[in-house]
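What follows is a short report on a single structure.
The values are calculated or read from the model by the stated rules, or taken from the named source; none is laboratory data. Not measured: the values here are computed from a predicted model. Every residue, glycine among them, receives a Cβ derived from its backbone with ideal geometry; neighbour counts consider all protein chains shown.
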């Protein structure tokens, strides 16, 4: 029903700055934004949650029955994470 990326861990230099960056990019399009445990954004057809932990993040992406969309959004978010991380520490 909800295809999922599973939990994806990535090492990052500044998890808090990364969450702020992703919030700025995506929150304007989101139906719901939840900051209670990291950052959770819900859209019409997909959602993601990213939780910081010291020098890494845990990302999970889900869609409403659309595996291709989940894969596309997972790749997009991983690219954004890598982009932000490399700009800060590249």
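Computed values, structure above
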quantity: Members of segment 5-19 that are surrounded by fewer than 13 Cβ atoms within 10 Å (Cβ to Cβ), under 13 Å from the mean Cα position of the chain (by Cα) and not in a loop (DSSP other than H, G, I, E, B); calculated: 9, 16
quantity: Residue tally, condition in contact (Cβ under 8 Å) with a residue 12 or more places away in the chain and within 11 Å of the chain's Cα centre (by Cα), over segment 50-90; calculated: 15
quantity: Looking only at segment 52-88, and only at residues there that are in contact with a helix residue (DSSP H, G or I) (Cβ under 9 Å, 6 or more places away or on another chain), closer than 17 Å to residue 6 by Cα and part of a helix (DSSP H, G or I), the one that is modelled with the lowest pLDDT; calculated: 81
quantity: Filter pass, residue 49 being at pLDDT 95 or above, touching a strand residue (DSSP E or B) at 6+ places or on another chain (Cβ under 7 Å) and either part of a helix (DSSP H, G or I) or exposed (fewer than 13 other Cβ atoms within 10 Å of the Cβ) (or both); calculated: no
